[in-house]
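Below: one structure, written as structure tokens.
The values are calculated or read from the model by the stated rules, or taken from the named source; none is laboratory data. No experiment lies behind these values; they were computed from the predicted model shown. No Cβ is skipped: glycine too gets one built from the backbone with ideal geometry, and neighbour counts run over all protein chains shown.
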Amino acid sequence: MCGIVGYLGKRDAVEVVLDALKRLEYRGYDSAGIGVISNGKLKVVKTKGKIRDLATVVKEHDFKSNIAIGHTRWATHGKPTDVNAHPHVCEGIAVVHNGIIENYMELKEFLVNKGYSFESQTDTEVIAALIKDNYEGSLFEAVINACKNLVGSFAIAVICEMEPDVIVGYRKESPLVLGVGDSEYFLASDIPALLPYTNKIVPLEDGDCLLITREGFTISNNGDLVNRDIMTISWSPVLAEKTGYKHFMQKEIFEQPRAVADTIHGIYSFDENRFYLVESEFEERLKGVNRIVAVACGTSYHACLVGRYWLERYALLPVEVDIASEFRYRDIFIDDKTLAIFVSQSGETADTLAALKMSKKRGALTLAICNVMGSSIAREAHDVIYTHAGPEIGVASTKAFTTQMAVLYAFSLYLGSLKGHLNNKDVSSRFTELMKTPRLIEEALELDKKLLELALKYLDKKDFLYLGRYLSYPIALEGALKLKEISYIHAEGYPAGEMKHGPIALIDKEMPVVVVAPVDRVYEKVKGNIEEVKARDGIVIAFTSEGSEEISKKCDHTFYLPKTYEDLSPFVYVVPLQLFAYHVAERKGLDVDQPRNLAKAVTVE
Ligand code: M6R
């Protein structure tokens, strides 16, 4: 996915922008570029390939500058080539852009008729020409007027030779944040790019046009100057470094005990028997809620599936879970007694955001569970509960998942007590169990070496089946998603009891079947499913609770995990599945943190 950065201050702008771009590499990209004002002249260098290739070319120019914009491009319109890389320039104006301009063909025709010519196949070059066409001495005004004509979702950063001390940014449905330093300003599509420089962030809102000068910044929206709060982000720069791990994904798997502990810290007071999760106004409306929908994509959707069991069990409410891209087009019944929960690590997933807007419009009370402060979903919902995973850089989501589950579990207890179904003793004893999960995750991480051995044995397999029931069914789905997205091995997650309605036909002596089998209310049933797999010569890799050794007689490989309070097994059982997927992909020599075709945040539909 594309990345934007910008810098205006006293430092070497090229150095800052290249460094910030490097921090966006995890988003995946195929070309990169930088635009600077050096000795009063606009200079642009761009190239297909990696930031290190760009840095080599930039070095040859020896630019002296303290204003620059930069970009990592992930091709949508036009192939990954030097020419299609950003910035795109029109008569002294340079633009970098994330997103898609839907009406760029008609705008191009309009501009060609006015005498503009184009050298790339991108929609971005059209933006540069349109800004030029609107330029009458103020870049800020020109950007505002040009953007009125753009249809689509986009974020842009613009500099121009005519105003050498100005950067203009514009945001519409694609993330863009301002970083505020000491007499210096930064612009980025993602907060991690800026962490070494500042933790003071202003997330722009839709329709915001930002003017950065050496004296300060102003934001205009729809003709009015607006004030936006400066937020202090608690993420430390170290959280966005690999700190000795080979990959971010590996680091993030091992960070889970800390991430879960940070997420649940301070949200429940044993002394007062109360939760600190939502605002009082939100709580008032929550009292009237009689049904819940939980909506998300990918791993966050799997967290919702786990959350459903807890919400049903503790809050005794009907709960429906759906994938955002499906949900948003359904004629689903929603009213003001519906609580709609939206779970998203990035807080920028386009389908989840659209589903949220749709639910709000129909009167639902909306709650976001997000990891990124000030993100679009966090801002759009009536209330937000943040996970404190820290920046998640690996494309494969890991610590976001366990922290989302932690919030969903705590929220289920809270709602259960609010609705009068759980007394203080029930809540405090269950919350105490939740507080044990960081230690239990740590114990699960000790299986790492054994899982590497398992990965070495099976990394050439073409297909895997993951089975689980009850709370372990979403964990089977999540395990399969992890394997397929980073190792490119076909893997399917299935409810174990549903196997005989189809997938059992796939099982033969070549097929590894991963079974998530904690000792819980469906354990005996799952043992029956394992027998069914073995009867067809399948290879069974089972994960079960310490003490249930008898299961190993039926399985090819058995891994034991610490016993948990029944409801909390997902926290522990997902860990070996993450580690197994990681080792398979790593040993296959694949790009674990940036798997092919995937973006960390899917900000387009
Ligand atoms: O940022 P979000 O949680 O909204 O992202 C949702 C999915 O795109 C994400 O979980 C994706 O499926 C991951 N690659 C899974 O590892």
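Checked against (1) crowded, with 18+ Cβ neighbours inside 10 Å; (2) within 15 Å of the ligand (Cβ to nearest atom); (3) more than 15 Å from residue 291 (Cβ to Cβ); (4) hydrophobic (A, V, I, L, M, F, W, C), residue 358 passes all but condition (2). Quick check on the range 150-188: of everything there that is of a type in the set (Ser, Thr, Tyr) and touching a helix residue (DSSP H, G or I) at 6+ places or on another chain (Cβ under 8 Å), which residue is surrounded by the fewest Cβ atoms within 10 Å (Cβ to Cβ)? Of everything passing the filter in the range 150-188, 153 is surrounded by the fewest Cβ atoms within 10 Å (Cβ to Cβ). What is the residue count in the range 242-301 for residues that are assigned to a loop (DSSP other than H, G, I, E, B) and within 16 Å of the ligand (Cβ to nearest atom)? The total comes to 3. Pairs are defined by a Cβ separation below 8 Å, a sequence spacing of at least 6 or placement on different chains, a first member in the range 270-291 that is of a type in the set (Phe, Trp, Tyr), and a second member that is in a loop (DSSP other than H, G, I, E, B) and modelled with pLDDT of 95 or more; the pairs so defined are 282/382. Within the range 231-260, the set of residues being closer than 15 Å to residue 177 by Cβ and surrounded by 14 or more Cβ atoms within 10 Å (Cβ to Cβ) comprises 231, 233, 235, 240. Listed by position, the helices (runs of 4 or more DSSP H) inside the range 388-478 whose residues that are under 29 Å from residue 539 (Cβ atoms) number at least 1 are 399-418, 437-445, 448-458. For the range 373-390, the tally of residues that are in contact with a helix residue (DSSP H, G or I) (Cβ under 6 Å, 6 or more places away or on another chain) and within 11 Å of the ligand (Cβ to nearest atom) stands at 4. Set side by side, the residues 478, 498, 442, 453 differ, and just one is within 16 Å of the ligand (Cβ to nearest atom) and at negative phi, which is 478.
This table checks each residue for (1) among the β-branched types (Val, Ile, Thr); (2) part of a loop (DSSP other than H, G, I, E, B).
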position	(1), (2)
26	no, no
33	no, no
58	yes, no
65	no, yes
70	no, no
76	yes, yes
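With respect to residue 393, is the statement that it is farther than 20 Å from residue 568 by Cβ, touching a residue at least 40 places away in the same chain (Cβ under 8 Å) and more than 8 Å from the ligand (Cβ to nearest atom) true? Break it down stepwise before answering.
Numbers: farther than 20 Å from residue 568 by Cβ: yes; touching a residue at least 40 places away in the same chain (Cβ under 8 Å): yes; more than 8 Å from the ligand (Cβ to nearest atom): yes.
Yes, satisfied.
You will find that of 483, 465, the residue that is within 16 Å of the ligand (Cβ to nearest atom), under 23 Å from residue 545 (Cα atoms) and not basic (Lys, Arg) is 483 and no other. Pairs are defined by a Cβ separation below 6 Å, a sequence spacing of at least 6 or placement on different chains, a first member in the range 339-355 that is modelled with pLDDT of 95 or more, and a second member that is aromatic (Phe, Trp, Tyr) and part of a helix (DSSP H, G or I); the pairs so defined are 355/327.
Take the conditions in contact (Cβ under 8 Å) with a residue 40 or more places away in the chain, within 14 Å of the ligand (Cβ to nearest atom) and more than 26 Å from residue 26 (Cα to Cα) and apply them to residue 365. Does it pass? It would help to see each step written out before you state the result.
Numbers: in contact (Cβ under 8 Å) with a residue 40 or more places away in the chain: yes; within 14 Å of the ligand (Cβ to nearest atom): no; more than 26 Å from residue 26 (Cα to Cα): yes.
Criteria not met by residue 365.
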